1. All but one of (1) in a helix (DSSP H, G or I); (2) over 15 Å from the mean Cα position of the chain (by Cα) hold for residue 99, so report the exception by its number.
2. I'd like the full set of residues that are at pLDDT below 85 and within 10 Å of residue 51 (Cβ to Cβ), limited to region 4-28.
3. So, in region 54-103, how many residues would count as being touching a helix residue (DSSP H, G or I) at 6+ places or on another chain (Cβ under 7 Å) and modelled with pLDDT under 90?
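The values are calculated or read from the model by the stated rules, or taken from the named source; none is laboratory data. Here the structure is a predicted model, which is why all the values come from computation and not from measurement. Methodologically, a virtual Cβ is constructed for each residue, glycine included, from the backbone with ideal geometry; neighbour enumeration extends over all protein chains shown.
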Amino acid sequence: MNDISPNGEGMTLPELRKAMTSYIRPEDDLAAEAEVLLERGWLARDAEDRLWLTEDGEQARVDLARNAPAIRAALHEGIDEADYVTTVKVLQRLIRNAGRTVV
């Protein structure tokens, strides 16, 4: 959500995909995710098909940025980083083996 309006002009989906190229994956469905955020009221779409953060969306972004480190720390408590990485890799392989795309 940080990428959606860095210059105050909002973004179309193609513009947003370009802005997110360093971390978005080819299988990520940006349009579907945008629809979820539109339904939740965190995004708005204007007449030129640009997406904008709403006040609720900005609050969610701020809350996530503030709370994410504590949530991650609580979830990872007592888990060695190497064990965590191994677990993620094993789970991704299980998903692929089941014929699904890793999200």
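1. Just one mismatch for residue 99, condition (1).
2. Result: 4, 5.
3. 1
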